[in-house]
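What follows is a set of notes on a single structure, which appears directly below.
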Amino acid sequence: MPQSALDFDELFGAARHSAVHLEMRDQYAVGDEADDFDTWVRTGRRDVDPSSEYWAPWVDLISRAVARGVAVRRARVVSEPVTDYIRYEHAGTVVNVTAGEQVRWLPRPRAADLLLPGADLWIFDDRQVLFNHFTGNGDWADPDMELRTEPALVKQCADAFEAVWARAVPHDTYEIR
């Protein structure tokens, strides 16, 4: 995630009990993943070394949060059959889980009757929503992040996340289609 006026690491570091992430796109094209994704497309091999230069900062951030008692959950709403990018994400999710994240997958038809936000997001401690904004092709938009703290909006987003989470399939049992 690019550094911007909002410092994601600081927001994550301030979380005390929960950090949840809702992903709803079938394709991302963010620059910091480009080389790893291209390698995966060419070779079918994904970097799954938690200590690699690619993963270590994320693993450290998540591990520190989990060690201080923060529950980190990620839910992905995906179309099936999945895109190559979702296959790539699925192949690397073992590192997210190793770092301490709980990850679930929800096929999009099972989300059709849910009222979901219009953007991917993080929710920290049920107090702050950090919307992630992307361009049509999946790269970071400008602005790339928007922090909101209105209690009604935070609750609406938290309810949406929990509805997805309740229906989603845990990573270890989700089969890519």
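The values are calculated or read from the model by the stated rules, or taken from the named source; none is laboratory data. Note that the structure is a prediction, hence the values are computed from the model and not measured. Cβ sites come from the backbone with ideal geometry, for glycine too, and all protein chains shown count toward neighbours.
Within the stretch 22-72, restricting attention to residues that are small (G, A, S) and surrounded by 11 or more Cβ atoms within 10 Å (Cβ to Cβ), which residue is nearest to D142 (Cα to Cα)? Only one residue tops the list, namely A29. Considering every residue within the stretch 9-19, establish whether at least one is on the phi < 0 side of the Ramachandran plot, over 15 Å from the mean Cα position of the chain (by Cα), modelled with pLDDT of 95 or more and polar (S, T, N, Q). So far as the stretch 9-19 goes, no, none of its residues is on the phi < 0 side of the Ramachandran plot, over 15 Å from the mean Cα position of the chain (by Cα), modelled with pLDDT of 95 or more and polar (S, T, N, Q). Of all residues assigned to the stretch 73-95, at least one qualifies as being more than 14 Å from the chain's Cα centre (by Cα) and surrounded by 18 or more Cβ atoms within 10 Å (Cβ to Cβ).
Once the stretch 37-58 is narrowed to residues that are touching a residue at least 24 places away in the same chain (Cβ under 8 Å) and under 18 Å from the mean Cα position of the chain (by Cα), the residue that is nearest to E146 (Cα to Cα) is W58.
Could you look through the stretch 135-145, keep only residues that are part of a strand (DSSP E or B) and either modelled with pLDDT of 95 or more or over 16 Å from the mean Cα position of the chain (by Cα) (or both), and pick out the one that is surrounded by the most Cβ atoms within 10 Å (Cβ to Cβ)? Here the answer is A141.
Looking at the structure I just gave you, is R127 out of contact with any His (no Cβ under 8 Å at 6 or more places or on another chain), touching a residue at least 24 places away in the same chain (Cβ under 8 Å), charged (D, E, K, R) and over 23 Å from V82 (Cα atoms)?
On the way: out of contact with any His (no Cβ under 8 Å at 6 or more places or on another chain): yes; touching a residue at least 24 places away in the same chain (Cβ under 8 Å): yes; charged (D, E, K, R): yes; over 23 Å from V82 (Cα atoms): yes.
Yes; evaluated as a whole, the condition is true for this residue.
For R87, the conditions (1) of a type in the set (K, R); (2) in a strand (DSSP E or B); (3) in contact (Cβ under 8 Å) with a residue 60 or more places away in the chain are fulfilled apart from (2).
Taking the criterion of being in a strand (DSSP E or B) and small (G, A, S), the residues of the stretch 66-84 that qualify are A71, A75.
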